[in-house]
Amino acid sequence: MELHVNRVTSQMKVLVVDDQPMIVEELCEFLESSGYRCVPCESSRQAMERFSEDAEIGLVLCDLHMPEMDGIQLVQELQRICGKSRVFEAIMLTGRADKQDVIKALRAGIADYYQKPIDLDELLEGLRRQETELQERQKNLHLGHLNQKLQFLSESIDDLYQDLDKVRGQPQRQAASSGEARGETDPLEIPAIFSSLSPRQLDVARLVGKGQTNYQIACELGITENTVKLYVSQVLRLTHMHNRTQLALALSPSNSALRQRVTAH
């Protein structure tokens with residue numbers, strides 16, 4: 001076996017699964033000499049455990065015909081373990097090139113297959129192709145997560161700007177009248193510690209004081225639940241309070257003796 005001396009170590013680990021220890025040993029020796037880090041397994045159950053424990057495993061080489069759980073079932077279980085947060089590429093090794101098995105494997109999401117006895121150079125070339133494909137899938141997965149975060153931030157910022165535009169377009173006393181319309185006899189009668197809050201932050205704080213959930217507050221104020229979370233975080237930071245329970249207590253009727261009138265913002 002020719003060893004590749006000038007090799008670049010891959011960032012990905014290869015899970016090598018076969019119920020024949022000699023095959024596992026030979027494959028691991030060859031792949032490690034070619035720059036891959038291998039995780040040897042002699043059963044599907046052992047492979048599932050190793051895969052779950054090691055997030056660096058991105059490539060899977062597995063035998064099709066194994067006792068208890070065959071290679072296709074193993075790959076399907078690994079897919080279940082991954083969920084939406086992780087991806088991998090699988091290559092099937094088989095001693096019998098049954099057409100139906102190959103079709104079933106490809107339908108299950110297995111990227112390629114090789115018939116035993118394995119041509120190691122062809123296998124290495126195929127593995128490198130799958131590594132390139134996997135890198136692209138991982139990049140897309142990462143971009144998808146970033147896009148979700150950006151969408152959340154964008155929606156929250158849009159809501160905040162809409163609130164800001166509403167406040168800027170209202171007379172200063174309108175905030176008080178809107179509170180009276182909701183049945184609050186003196187909406188600005190709050191502890192002085194809340195004087196630094198904006199009208200919208202005050203609205204959120206008062207509703208927290210009433211014991212409402214983020215969802216209820218979002219419905220009442222016409223904003224998203226994520227925006228409510230941002231407002232609650234801002235209120236806690238500006239008032240130097242630790243949690244919403246402390247905030248609610250500060251705004252409860254029992255603390256009316258501590259209240260004083262705050263001018264409208």
Here the residues within region 94-128 that are in contact (Cβ under 8 Å) with a residue 60 or more places away in the chain and either within 31 Å of the chain's Cα centre (by Cα) or not assigned by TED's automatic domain parsing to the domain that holds C82 (or both) are L127
Heads up, the helices (runs of 4 or more DSSP H) in region 145-228 (entirely inside) with at least 2 residues that are at pLDDT below 85 and either surrounded by 13 or more Cβ atoms within 10 Å (Cβ to Cβ) or touching a helix residue (DSSP H, G or I) at 6+ places or on another chain (Cβ under 7 Å) (or both) are 174-181, 199-209
Exactly one of E32, E68 is acidic (D, E) and in contact with a strand residue (DSSP E or B) (Cβ under 7 Å, 6 or more places away or on another chain), and that residue is E32
When region 16-54 is checked residue by residue, the ones that are among the aliphatic types (A, V, I, L, M) and over 16 Å from E131 (Cβ atoms) are V17, M22, I23, V24, A47, M48
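The values are calculated or read from the model by the stated rules, or taken from the named source; none is laboratory data. This is a predicted model, so every value here is computed, not measured. Don't worry about glycine lacking a Cβ; one is built from the backbone with ideal geometry, like all the others, and counts go over all protein chains shown.
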